[in-house]
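Notes to accompany the following structure.
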Amino acid sequence: MTEQDDAVGPVRDVRRPLAVGSTYQSLTTQVFQELRERIIEGLYPPGTRLPERELSEDLQVSRIPIREALPRLEAEGYIVTMPRRGAIVRQLTLRDIEELFDLRITLEVFAARQAALRAQTTPPGPQLRELVARALEFTEQHSEHEISSVNSAIHEEIVRLAGNDLLGSVMQTIMGRSRWLFRLTTQRDQSEQYREHTELADAIYAGDVELSGAIAYSHIQKGRAPSIALLHDRLPAE
């Protein structure tokens, strides 16, 4: 057994099947996803050091997949590497949030339009409506953590429905950042977000390209100011 075949222990989604054409996720990918989740969930707050040895012991894996996962986390903006201090969880900035909205307003609007266009010839499955229904359930229960998770899943499902593999690949980093943002802004009006998601899903299922794009644009743009306001006193400018 090689070092990368070590037992994974607490790492979630062990040997979770990948998309068609792949076999199983590598241990490095599993470690990367686990560490990313812990950062997004706030288990590793900004400024937390991530020593390889401690991570290896915590996740019950060798240091090789840890060492390989850390550069991926840095490339996607979750950590920084400091001289003599090693890997440290990065602090999001208000500029990061503004840039995130700038990209979302372009790429997610395109995704919504493409999803509606595809719906004209290939009816979407029930997943999007099911996610919106779950969002209503969690909204009525005031379950902020669950609402954040399902709202992220709604946006990810729309990207999937767009049927553009390159877009899906590009959006992986952006969706991770979006989930990080959603975790930090759970105080936003969830009922309004549910209504907007419902309208967007209806437009996509109806195959209405223009309406889907317009709703997606409005939905994302309307979230910018409240998100910045909520984070203004919590994040540095740059």
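Within the range 168-175, is there a residue that is assigned to a loop (DSSP other than H, G, I, E, B), surrounded by fewer than 20 Cβ atoms within 10 Å (Cβ to Cβ) and not basic (Lys, Arg)?
Just the residues of the range 168-175 that are assigned to a loop (DSSP other than H, G, I, E, B), to begin with: none.
Within the range 168-175, none of the residues are assigned to a loop (DSSP other than H, G, I, E, B), surrounded by fewer than 20 Cβ atoms within 10 Å (Cβ to Cβ) and not basic (Lys, Arg).
Looking across the range 206-238, the residues that are more than 14 Å from GLU108 (Cβ to Cβ), in contact (Cβ under 8 Å) with a residue 60 or more places away in the chain and within 21 Å of the chain's Cα centre (by Cα) come down to SER227, ILE228, LEU231, LEU235. Within the range 132-165, being free of Cβ contacts under 8 Å to residues at least 40 places away in the same chain and closer than 16 Å to MET175 by Cβ holds for SER148, SER149, VAL150, SER152, ALA153, GLU156, GLU157, ARG160, ASP165. Which residues, counting only those in the range 184-193, are acidic (Asp, Glu) and either assigned by TED's automatic domain parsing to the domain that holds PRO46 or outside any helix (DSSP H, G or I) (or both)? Across the range 184-193, the qualifying residue is only ASP189. Exactly one residue out of LEU73, LEU117 is under 17 Å from ALA162 (Cα atoms) and touching a residue at least 24 places away in the same chain (Cβ under 8 Å): that is LEU117.
Filtering the range 54-100 to residues that are among the polar types (S, T, N, Q) and not in a helix (DSSP H, G or I) leaves GLN60, SER62, THR81, GLN91, THR93.
In the range 171-193, which residues are touching a residue at least 40 places away in the same chain (Cβ under 8 Å) and of a type outside the set (S, T, N, Q)?
Listed by number, the residues that qualify are MET171, ILE174, GLY176, ARG177, ARG179, TRP180, LEU181, ARG183, LEU184, ARG188.
Just one of the listed residues (ALA162, ALA203, ALA216) is crowded, with 22+ Cβ neighbours inside 10 Å and farther than 30 Å from PHE32 by Cβ, namely ALA203.
If you check HIS145 against the conditions, is it in the same structural domain as SER218 (by TED's automatic domain parsing), assigned to a helix (DSSP H, G or I) and crowded, with 19+ Cβ neighbours inside 10 Å? Spell out how you get there, then give the answer.
Numbers: in the same structural domain as SER218 (by TED's automatic domain parsing): yes; assigned to a helix (DSSP H, G or I): yes; crowded, with 19+ Cβ neighbours inside 10 Å: no.
Taking the combined requirement at face value, the residue does not satisfy it.
Just one of the numbered conditions (1) without any contact (Cβ under 8 Å) to a residue 40 or more places away in the chain; (2) closer than 16 Å to ARG129 by Cα is not true of GLY168: (2). Taken across the range 194-205, residues that are touching a Leu at 6+ places or on another chain (Cβ under 7 Å), without any contact (Cβ under 8 Å) to a residue 60 or more places away in the chain, in the same structural domain as LEU136 (by TED's automatic domain parsing) and assigned to a helix (DSSP H, G or I) do not occur at all.
Consider SER191 against the criteria (1) crowded, with 16+ Cβ neighbours inside 10 Å; (2) at pLDDT below 95; (3) of a type outside the set (Lys, Arg): it satisfies all of them except one. Which criterion is unmet? Every condition holds for SER191 apart from (1).
GLN127 fulfils the conditions (1) closer than 20 Å to PHE182 by Cβ; (2) outside the structural domain of SER169 (by TED's automatic domain parsing) except for a single criterion, (2).
The values are calculated or read from the model by the stated rules, or taken from the named source; none is laboratory data. Quick caveat, the model's predicted, so the values are computed rather than measured. FYI the Cβ positions are ideal-geometry reconstructions off the backbone, even for glycines, and counts take in every protein chain you see.
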